[in-house]
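A.B. asks: Handing you this structure, nothing more for now.
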Amino acid sequence: MEAKSDVPDESKWAFKTADSTLHTGAEHAVDPEDLVRLSGREPTPELIEKARKALEEHGAAAVERYLP
């Protein structure tokens with residue numbers, strides 16, 4: 001008889017949360033959508049464009065405006 005694990009099997013999740021789709025910058029660069037989500041807002045074309053410009057201008061330091 002198999003023991004049940006308290007840890008959910010991620011491969012069987014029906015959806016991903018916004019947090020699970022964010023990039024930390026460790027595995028690859030933060031993209032404009034990540035920057036918008038970091039600010040606590042839903043991505044819109046206008047906000048994504050603003051974030052893209054911020055990343056172009058400030059690079060990785062743009063992320064630090066939202067994170068401690």
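A.B. asks: Select from segment 26-49 the residues that are in contact with a Leu (Cβ under 9 Å, 6 or more places away or on another chain) and among the polar types (S, T, N, Q) and list them in ascending order.
C.D. replies: Ser39, the sole residue that qualifies.
A.B. asks: Now for a different question. What number of residues within segment 51-65 satisfy the criterion of being small (Gly, Ala, Ser) and exposed (fewer than 11 other Cβ atoms within 10 Å of the Cβ)? Don't jump to the end; show me each part of the working.
C.D. replies: Residues of segment 51-65 small (Gly, Ala, Ser): 51, 54, 59-62.
Remaining after also requiring exposed (fewer than 11 other Cβ atoms within 10 Å of the Cβ): 60-61.
Adding up the residues that qualify gives 2.
No lab work stands behind these numbers, since they all come straight from the coordinates. Bear in mind that the values here come from a model prediction, so they are computed numbers and not experimental data. Reconstructed Cβ throughout: ideal geometry from the backbone, glycine too, with neighbour counts over all protein chains shown.
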